[in-house]
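Following: one structure in C-alpha cells, then a few remarks.
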Amino acid sequence: MFIQTEATPNPATLKFLPGREVLREGTADFRDAETARTASPLAGRLFDIPGVTGVFFGYDFITVSKDGADWQHLKPAILGTIMEHFMSNQPVMAGAGPAPESSETEEFYDKEDEEIVLTIKELLDTRVRPAVAQDGGDITFRGYENGVVFLHMKGSCAGCPSSTATLKHGIQNLLRHFVPEVQQVEQIA
C-alpha cells in the first residue's frame, strides 16, 4: 500500500491520501482523543501518536493536525498507523457512518430567506467545497441572518492562518457576486 502525502495551506496539518475510500459519505472531524476513540478506531489510533491534535476524514483523504512536533518525526508514525489500519480491514468508523456533528448540523435562517439560502448552499457545494477538499478540509453552511452567512471550517481549514483570507476574500466575494443580499461571511465554531 502506498500512501501519498500533500502539504496544506495550514502548516500544522498534513493531508494523507491512502489511495482508497476513507468515508463513503460526509466527513468526520475529531479535535479530542476521547471522541475519536469512541467514534473511530483509526482516529483513536492516530490520537495515540504524541503531538497529534486533530484528525479529519474526507471521501478519499485523511488530514492530521499537530502541535509542536516536527512532521519529519510524526509522519512515519502516522503513515504506519494508517497503513496498519487499512491492511487490517477494520472499519474507519465504529458505527454506520460519520461521527455525529449535531452542533454543526443545526442551521439557522429565516424561512423568508430560504431561496437565498438554497443558492448559497449550491454555490458552496459546487464551487467552494471541492476547492477546500483539495486542501484537506471542508466547509459547511451553518446559518444566514441579516445579510451575514455563517460557515464552519473543518479539517485543515480549522485554525489555518490563511482561512480568514479564504473566507473574506474568496468565499465572501464569490457569494456577494452571485447573491447580492450577502453582505459578509463569518466563521462560526
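Please give the per residue accessible area of the stretch 41-93, computed with a probe of 1.4 Å over protein heavy atoms only, in Å². The partial results should precede the final answer.
Values: 2320 Å² over 53 residues.
That works out to 44 Å² per residue.
Leaving ligands, DNA and RNA out of it, rank Thr35, Thr63 by accessible area with a 1.4 Å probe, largest first. Numbers along the way, then the final one.
Values: Thr35 70, Thr63 0 Å².
In descending accessible area the options line up as Thr35, Thr63.
Springs between alpha-carbon pairs under 10 angstrom, Gaussian network model over the chain: which of Gly136, Gly80, Gly51 fluctuates most?
Result: Gly80 has the largest fluctuation of those listed.
Tell me the accessible surface of Val182 in square angstrom (1.4 angstrom probe, heavy atoms of protein chains only), to the nearest ten.
Around 10 Å² of this residue is reachable by solvent.
Within the chain, what whole-number % of the accessible surface is contributed by carbon and sulfur, with the 1.4 Å probe and all protein chains included in the calculation?
Carbon-and-sulfur percentage of accessible area, whole number: 50.
What do you get for trypsin sites (Lys or Arg not before Pro) in the stretch 13-117 restricted to DSSP loop and a cutoff of at most 13 other Cβ within 10 Å of the site's Cβ?
On the way: sites: Lys15, Arg20, Arg24, Arg31, Arg37, Arg45, Lys66, Lys111; in loops: Arg20, Arg24, Arg31.
Sparse-neighbourhood loop trypsin sites (Lys or Arg not before Pro): Arg20, Arg24.
Which number gives the lysine pairs in the chain that have C-alpha atoms under 29 Å apart and are eight or more places apart or on different chains?
Close lysine pairs found across the chain: 15.
Looking at the P(r) of the chain, how many percent of alpha-carbon pairs lie beyond 28 Å?
27 percent
Exposed loop GluC sites (Glu not before Pro) only (DSSP loop, at most 11 other Cβ atoms within 10 Å): please give the longest stretch of the chain free of them, not including the sites. It would help to have the intermediate numbers written out before the result.
Values: sites that count: Glu21, Glu25, Glu106.
By the stated rule (loop sites, at most 11 other Cβ atoms within 10 Å), 107-189.
When DSSP assigns beta bridges and you keep just the ones with both residues in the chain, what percent turn out antiparallel, to the nearest 5?
80 percent
Using the Cα centre of the chain as the reference point, and only Cβ charges (+1 on K/R, -1 on D/E), how large is the resulting charge dipole? Debye, rounded to the nearest 20.
For the chain, the charge dipole is close to 740 debye.
Could you give the nm distance between label points at Glu107 and Phe178, where each point is 7 Å from its Cα heading toward the beta carbon?
1.4 nm
Between Ala77 and Thr5, how many nm apart are label points set 7 Å from Cα along the C-beta direction?
1.3 nm
What order do Ile62, Ile188 take when sorted by accessible area (1.4 Å probe), most exposed first?
Working: Ile62 0, Ile188 45 Å².
Ranked list, largest accessible area first: Ile188, Ile62.
What value in Å³ per residue do you get for the convex hull of the alpha-carbon atoms in the stretch 1-66?
Residue-normalised Cα hull volume stands at 86 Å³.
Divide by every residue of the chain the summed helix terms, -39500 (n - 2.57) for each DSSP H run of at least 4, and state the resulting mean residue ellipticity at 222 nm, rounded to the nearest 500 deg cm²/dmol. Don't jump to the answer; show the numbers that get you there.
On the way: 7 runs with 58 residues, N = 189.
Helices in the chain give a 222 nm mean residue ellipticity of -8500 deg cm²/dmol.
In percent, how large is the relative contact order of the chain, given Cα pairs closer than 8 Å and 6 or more residues apart? Can you show the working numbers first?
Values: 333 pairs, mean separation 40.7, N = 189.
Relative contact order, the chain: 22 percent.
The values are calculated or read from the model by the stated rules, or taken from the named source; none is laboratory data. Values in this document were obtained by computation on a predicted structure and should not be read as measured data. Here the Cβ is made from the backbone with ideal geometry for all residues, glycine too, and neighbour counts use every protein chain on show. Ligands, DNA and RNA are stripped out before the accessible areas are found, and what is left, the full protein with its side chains, is counted by its heavy atoms. Shrake-Rupley method; radii C 1.70, N 1.55, O 1.52, S 1.80 Å.
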